[in-house]
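Down below is the structure, laid out as structure tokens.
The values are calculated or read from the model by the stated rules, or taken from the named source; none is laboratory data. Worth saying up front: this structure is predicted, and the values here are computed from it rather than measured. Virtual Cβ from ideal backbone geometry, glycine too; neighbours counted across all protein chains shown. Keep in mind that these areas ignore ligands, DNA and RNA; they rest on the heavy atoms of the full protein, side chains included. Shrake-Rupley method; radii C 1.70, N 1.55, O 1.52, S 1.80 Å.
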Amino acid sequence: MTATVSTTDTPLNASRASGAGFARKAKAYLALTKPRVIELLLVSTLPTMIYAQRGFPSIGLILATLVGGAFAAGSAGAFNCYIDRDIDKLMHRTENRPLVTGEVTPREALVFSWLLGAAAIVILWFGANPLSAWLGLGAIFFYVVIYTMILKRRTAQNIVWGGAAGCFPVLIAWAAVTNSVEWPAVILFMVIFLWTPPHYWPLSMRYGEDYRNANVPMLGAIAGAKVVSVQVVLYAWAMVACSLLMIPAGGAGWVYTVTAVLAGAWFLYESHALYARAQREDIADKGAMKVFHGSISYLTLLFIALAVDPFVGHALMAG
């Protein structure tokens, strides 16, 4: 006679299952915040703080601003996932988001969004100052209400104005250090504002079918490559010109200046190359992704230079 012992319900297996379930749930909540977007936003935050301080701010202030800013961006992203869950299930690019797969319920996502947003405001208010907290609230409002609820499904210019939400981190960073918003912060805001269309429209060209299936009028999805490439070139030129305003109006030195000129020239070259291919009708949607990835490299280089600039040399022109 043999005895069969079942281990399926032992405390150890139950504990492992519970741990796996918790990890899966936590991963789903993290996905709601759109962590890759947060990473991109934080690329601009710390360099701006260093530039505003002309050195390193206190560790406490850096942590409060980075965490508060990340929470604000995560809250906006989670609200976006909650509001757009109906169209996310229609697009291949977003079909694995937690609200589509059912890993997170709509109610859980909504509560999480509010809690994360409230935490962001509290952290910025007490860890930095009230001005940075108000700017954090403004960023959430702009992305959730102006972009997601009003513009995204109504106009092909949605990302132009909705993208302003992604510009707020430089204002928050500058305000956290100086308790004010000065011209250099405004210039950096405008650089990111003008950067957003040439960054995002090539992506919408690549996933044009997705947006058309969901009836979302992204310019890259509803206009031809010729039209989109012209807009990319125009915004790229405006962005590079705006970045150079940091020299006379923002006190930038030679590190920032050289980087802005060289990185700007490279990105303009890639933008014009996209335009040339589009005019020859020699471009597939995937080909536009080179400009998308290039825009990320451009912005990263520009803000690294911004962080290094205060430690090397002096301003090239009087501010």
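The set of residues in segment 190-223 being within 23 Å of Ala249 (Cβ to Cβ) and either open to solvent by 40 Å² or more (accessible area, probe 1.4 Å) or among the basic types (Lys, Arg) (or both) consists of Met190 alone. I'm checking my understanding of the structure. Among residues of segment 144-163 that are of a type in the set (S, T, N, Q) and open to solvent by less than 10 Å² (accessible area, probe 1.4 Å), which one is nearest to Asn80 (Cα to Cα)? So, considering only residues that are of a type in the set (S, T, N, Q) and open to solvent by less than 10 Å² (accessible area, probe 1.4 Å), the one nearest to Asn80 (Cα to Cα) is Thr148.
In segment 124-142, the residues that are under 11 Å from Ala176 (Cβ atoms) reach residues that are open to solvent by 60 Å² or more (accessible area, probe 1.4 Å) and modelled with pLDDT of 95 or more with C-beta atoms within less than 6 angstrom, at least six apart or across chains, in these pairs: Asn129/Asn179; Leu131/Asn179; Ala133/Trp125. Residues in segment 45-65 that are surrounded by 21 or more Cβ atoms within 10 Å (Cβ to Cβ) and either among the β-branched types (Val, Ile, Thr) or modelled with pLDDT under 95 (or both) were compared, and the one that is farthest from Gly136 (Cα to Cα) is Ile50. Among the conditions (1) surrounded by fewer than 15 Cβ atoms within 10 Å (Cβ to Cβ); (2) more than 30 Å from Gly313 (Cβ to Cβ); (3) of a type outside the set (A, V, I, L, M, F, W, C); (4) free of Cβ contacts under 8 Å to residues at least 60 places away in the same chain, the only one that Tyr269 does not satisfy is (2).
Quick grid of which residues meet (1) within 20 Å of the chain's Cα centre (by Cα); (2) farther than 29 Å from Glu209 by Cβ; (3) open to solvent by 50 Å² or more (accessible area, probe 1.4 Å):
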| site | (1), (2), (3) |
| --- | --- |
| Tyr29 | yes, yes, yes |
| Leu32 | yes, no, no |
| Gly69 | yes, yes, no |
| Ser75 | yes, yes, no |
| Pro98 | yes, no, no |
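Does any residue of segment 302-315 turn out to be among the aliphatic types (A, V, I, L, M), closer than 21 Å to Ile192 by Cβ and open to solvent by 70 Å² or more (accessible area, probe 1.4 Å)? For segment 302-315, residues among the aliphatic types (A, V, I, L, M), closer than 21 Å to Ile192 by Cβ and open to solvent by 70 Å² or more (accessible area, probe 1.4 Å): present. If you go through segment 142-177 and keep only what is closer than 16 Å to Thr196 by Cα, in contact with a Ser or Thr (Cβ under 7 Å, 6 or more places away or on another chain) and modelled with pLDDT of 90 or more, you end up with Pro169, Val170. Taken over segment 96-116, the criterion of being among the charged types (D, E, K, R) and in contact with a helix residue (DSSP H, G or I) (Cβ under 7 Å, 6 or more places away or on another chain) is satisfied by Arg97, Glu103. Quickly run through segment 44-94 and pick out the residues that are free of Cβ contacts under 8 Å to residues at least 12 places away in the same chain and more than 26 Å from Ile146 (Cβ to Cβ). Answer for segment 44-94, where residues must be free of Cβ contacts under 8 Å to residues at least 12 places away in the same chain and more than 26 Å from Ile146 (Cβ to Cβ): Phe56, Ser58, Ile59. A single entry from Val232, Val255, Val261 fulfils the requirement of being closer than 22 Å to Phe193 by Cβ, among the β-branched types (Val, Ile, Thr) and open to solvent by less than 60 Å² (accessible area, probe 1.4 Å): Val232. Does at least one position in segment 148-158 carry a residue that is part of a helix (DSSP H, G or I), farther than 20 Å from Gln53 by Cβ and free of Cβ contacts under 8 Å to residues at least 24 places away in the same chain? Taking every residue of segment 148-158 in turn, at least one turns out to be part of a helix (DSSP H, G or I), farther than 20 Å from Gln53 by Cβ and free of Cβ contacts under 8 Å to residues at least 24 places away in the same chain. Residue pairs whose Cβ atoms lie under 6 Å apart, separated by 6 or more positions or on different chains, with the first residue in segment 177-191 and touching a residue at least 60 places away in the same chain (Cβ under 8 Å) and the second open to solvent by less than 40 Å² (accessible area, probe 1.4 Å) and among the aromatic types (Phe, Trp, Tyr), are Ala185/Trp174. Give the residues of segment 11-36 that are modelled with pLDDT of 85 or more and not charged (D, E, K, R), sorted by residue number. Result: Ala23, Ala26, Ala28, Tyr29, Leu30, Ala31, Leu32, Thr33, Pro35. The residues of segment 110-130 that are open to solvent by less than 60 Å² (accessible area, probe 1.4 Å) and aliphatic (A, V, I, L, M), listed by number, are Leu110, Leu116, Ala118, Ala119, Ala120, Ile121, Ile123, Leu124, Ala128. Filtering segment 165-177 for residues that are small (Gly, Ala, Ser), more than 14 Å from the chain's Cα centre (by Cα) and outside any helix (DSSP H, G or I) leaves an empty set.
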